[in-house]
1. Please give the net charge around GLU202, taking every other residue with its beta carbon less than 11 angstrom from that of GLU202, where Lys and Arg add +1 and Asp and Glu add -1.
2. Given the -39500 (n - 2.57) contribution per DSSP H run of 4+ residues, what per-residue ellipticity at 222 nm results for the chain, rounded to the nearest 500 deg cm²/dmol?
3. What ranking of ASP154, ASP122 emerges when the number of other C-beta atoms within 10 Å of each C-beta is taken as an exposure proxy, fewest first?
4. In the P(r) worked out for the range 58-152, what percent of Cα pairs fall beyond 20 Å?
5. Using 0.36 nm times the number of residues separating VAL212 and HIS19, minus their current alpha carbon distance, what extension gain do you get?
6. List the GluC sites (Glu not before Pro) in the range 188-234 that DSSP assigns to loop (not H, G, I, E or B) and whose Cβ has at most 15 other Cβ atoms within 10 Å. Which are they?
7. Which net charge results when you count Lys and Arg as +1 and Asp and Glu as -1 among the other residues whose beta-carbon is under 12 Å from that of LEU93?
8. What's the longest uninterrupted piece of the chain once you rule out the chymotrypsin sites (Phe, Trp or Tyr not before Pro) that are loop residues per DSSP with at most 16 other Cβ within 10 Å?
Amino acid sequence: MKSAVIVFPGSNCDADAYHVLKNVVGFECHYVFHKEQFRPNEFDFIVLPGGFSYGDYLRAGAIARFSPVMKSVIQAAKSGVLVLGICNGFQILTEAGLLEGALMKNRDLKFHCRDVYLRVEDNQTPFTLMYKPNEVVKMSIAHGEGNYFINNLDQIESRVVFRYCDENGVVNEDSNPNGSLENIAGIINKEKNVLGLMPHPERCSEKILGSVDGKKIFESAAAYLERRKSHAFI
C-alpha cells in the first residue's frame, strides 16, 4: 500500500508521520512537496501533517490551501482515497472545504502542548476500526488554533469521531483544552474517507514514546485498505 506525506513550508511533523507510516505500520511512503502534483489514484493514503504551514499567516492553513499540491489532494479525496489531516493538516482540510467548520484560536489565546484524553465516538470509520466503542485514549496536542466551531452543529454531529474527555471518558468543560464546540477533537466527511483531528496520533505510536494509542489510526487505515483491496468492505 502506497502512502504520501504532504510537506508544506513550515511543516514540522512530516518526518514523524513518515516514520510511523513506513517503519512502524509498514506502508510504502513518499514525501510530496507543496509545489508538486500527483494522479488522483497514485496513493492509497495521504497524510497532511502538523506544523505551521506558511507561518500560519492570515489563518492557520489558509495559504496552504492554495498550494498546487492541494489540487491533487482534493481530487484524490473526491475519488475515495483516504486522507488524514493532523493538527495543521486538519486546519488545511477545513480551509480547503474537504471538512466543514473552522479551527479558531484557543479560547484562552494560549498555545497548549500536553497530553489529553479522547473518547472514540465512532469506531466504524476506516481510521478507527481498531478501537473499541467509546474507548478512551491518550494523545498529545500542540496548537494555538484548535478551537473547533461550526454554525450548524447538526450538519456534522453524526460525523464526530473524537471528543476531548477526562480519563474516565466523561466529556465536560474541564476536559476541553481549547474551547471546541461540544468538545470536538476530530470529524470525518460524509463519504468517510477524510478525517481531521487536532491531537497527534503519530506522537503516540510507539512504546518508547509512552503510548501506542495513536498507532491504531494508521493500523485501521491499513486494515481498511487491505479489505477494500480484496473487496471486503467494512
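Bear in mind that the values in this text are calculations on the coordinates, not laboratory data. What you see is a predicted model, and the numbers here were worked out from it, not measured in a lab. Please note: Cβ atoms are built from the backbone with ideal geometry, for glycine as well, and neighbour counts cover all protein chains shown.
1. Values: positive: ARG203, LYS215; negative: ASP14, ASP16, GLU206.
Around GLU202, the surrounding residues sum to -1.
2. Numbers: 4 runs with 40 residues, N = 234.
Estimated from H runs of four or more residues: -5000 deg cm²/dmol.
3. By the 10 Å Cβ count, ascending: ASP154, ASP122.
4. Working: 2118 of 4465 pairs.
Percent of Cα pairs beyond 20 Å in the range 58-152: 47.
5. On the way: separation 193, 0.36 × 193 = 69.48 nm, distance 1.41 nm.
Contour length minus Cα-Cα distance gives 68.1 nm.
6. Those satisfying the criteria are GLU191.
7. Numbers: positive: ARG65; negative: GLU95, GLU100.
For residues surrounding LEU93, the net value is -1.
8. Working: sites that count: TYR57, PHE111, PHE233.
Between exposed loop sites, the widest span is 112-232.
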